[in-house]
Structure formats: C-alpha cells, structure tokens
Amino acid sequence: MYVTCLDLEGVLVPEIWIAFAEETGIEELKLTTRDIPDYNVLMNKRIGILKEHNLTLKDIQNTIARIKPLDGAKEFLDKLRQLCQVIILSDTFTQFALPLMQQLDMPTIFCNELIVDEKNMITGFKMRQDNGKYHAIKALQSIGYKTIASGDSFNDLGMIKQAEKGFLFRSPEHIQKDNPDVKAFTEYDELFAAIKAQVESEK
C-alpha cells in the first residue's frame with residue numbers, strides 16, 4: 001500500500017517567494033531552498049527583509065491570490081490521486097497554502113505556521129518539527145505504508161532518500177549532479193509513469 005508524498009512549490013505551484021520578489025522588486029527574496037539548504041536560516045533572512053521593507057502577511061497573501069498551479073499540475077495530481085493516496089509535504093505555511101490547495105481540489109497538506117503580530121507583520125515561524133518531510137515519511141512507514149517521494153530542493157532530499165522510491169522533479173542541475181543516484185524528471189507524464197511503475201510492482 002503506497003502513499004506518494006510531493007513537495008509543493010516548484011513541483012505543483014510556482015515558488016511563492018520568487019513571485020513575491022518579482023512583484024516587490026526585492027531580489028534577495030528570490031532565494032529558496034534550492035540556494036540555501038538550511039530552512040531556518042532562509043526564513044529568518046526573509047523575515048528580516050520583510051521587516052526592513054515594512055511588508056506584511058497580507059502583502060504576500062495578495063501575491064498568492066494571483067498564483068496559479070503550474071501547467072499540467074492539477075491534471076497530474078488528479079490522475080495520481082486515483083492511483084494511490086497523496087500527501088503534500090511542504091515547508092510553506094498554513095497562512096499561504098489555502099488558496100493554492102483550493103485550486104488543486106484540497107489535497108492533504110502537512111506544513112507549518114507563521115507567527116504574526118497585531119500589525120500583521122510576520123515575526124517568526126513555527127515548524128511542525130525539524131526535518132519534517134523526512135519524519136513524515138518515517139511515520140507513514142511506521143504504520144505500514146510504503147512511500148514514494150518527489151521534490152526539487154535540498155530540503156526534499158531527506159524524504160526522497162528515506163522513501164522506498166524517490167525522484168527529483170524539475171530540480172536544478174547542481175542538486176541533480178550531487179545526487180546522481182536519484183532519478184530526475186522534468187515532465188509530469190514521466191514522473192507519473194515512474195510512480196505508477198513502482199506502485200504496480202507491488203501488485
């Protein structure tokens with residue numbers, strides 16, 4: 001019995017912070033976990049930039065409201081959910097995720113929580129746990145599921161390598177080069193075929 005776990009940003013939807021960086025013109029906000037492996041370092045850097053520019057949670061949510069899933073992402077997810085159970089494992093936040101999940105027909109998502117003050121400024125963040133994607137895979141395995149995982153960034157490698165089968169998807173070349181043992185795909189049809197082959201190999 002398989003559960004497939006997918007990263008969100010870069011796999012199913014565009015990178016939220018890159019979209020916000022493009023709208024605000026703040027180049028530093030384009031940095032993601034493809035660039036900075038330590039998510040705590042990355043988020044603290046982002047929060048500092050938001051404070052410096054007096055940007056609020058609402059400002060980011062206004063950008064998110066205009067983001068659409070990547071071309072083919074919803075069709076891929078719909079097809080995948082007919083094949084096996086699917087959980088989105090993301091380092092994004094509940095305050096960001098809802099409008100994106102609504103466009104994807106509300107798949108299950110495990111993510112984190114922002115800390116916001118009375119002025120709607122983001123002052124911190126609360127992770128479910130450190131290395132949460134890896135631990136989610138471990139937890140699923142502990143209750144009898146086999147797992148497949150796919151993502152694009154440094155923070156996805158833990159879950160990809162812990163899962164029974166893991167794949168990189170639209171990952172930058174430097175991550176692919178550093179992980180030659182992990183198959184990498186760029187098209188949804190290729191990823192679906194690889195997941196389907198793994199699921200059906202157990203039948």
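Throughout, read-outs are computed from the coordinates displayed, never taken from laboratory work. All of these numbers come straight from a predicted model, not from anything done at the bench. Quick reminder, even Gly has a Cβ in these numbers, built from the backbone with ideal geometry, and neighbours come from all protein chains shown.
Rounded, prolate or oblate: which fits the stretch 75-164 when a ≥ b ≥ c are the square roots of the eigenvalues of the alpha-carbon gyration tensor, with rounded for a/c under 1.5 and prolate only if a/b beats b/c?
Oblate, because a/c is 1.5 or more while a/b does not exceed b/c.
Sorting check: for 150-156, 1-7, 168-174, which peptide has the highest mean count of neighbouring beta carbons within 10 Å, and how do the rest follow?
Averaged packing, sorted descending, gives the order 150-156, 1-7, 168-174.
Pull up the DSSP beta bridges for the chain and report the antiparallel fraction as a percent, rounded to 5.
15 percent
How big is the Cα convex hull of the stretch 41-111 in projection, averaged over all directions, in nm²?
Its Cα hull, projected and averaged over all orientations, spans 5.5 nm².
Here are some pairs, LYS68/LYS138; LYS45/LYS74; LYS138/LYS183; LYS79/LYS183; LYS30/LYS133; LYS30/LYS177; which of them have Cα atoms lying more than 28 Å apart in this structure?
Pairs exceeding the cut-off: LYS68/LYS138; LYS45/LYS74.
Which one is right for this structure if Rg/Rh (Cα atoms, Kirkwood Rh) is calculated from it: [x] 1.05; [y] 1.01; [z] 0.96?
Calculated Rg/Rh (Cα atoms, Kirkwood Rh): the matching label is [z].
Quick one: which of 64-74, 125-135 comes out on top by average Cβ neighbours within 10 Å, and what's the full order, highest first?
Answer by packing, highest mean first, reads 125-135, 64-74.
Once a ≥ b ≥ c are taken as the square roots of the eigenvalues of the Cα gyration tensor of the stretch 30-77, is the result rounded (a/c under 1.5), prolate (a/b larger than b/c) or oblate (a/b not larger than b/c)?
oblate
Within a Cβ distance under 15 Å of GLN141, other residues only, what is the Lys/Arg minus Asp/Glu net charge?
Taking every Cβ under 15 Å from that of GLN141, the sum is +3.
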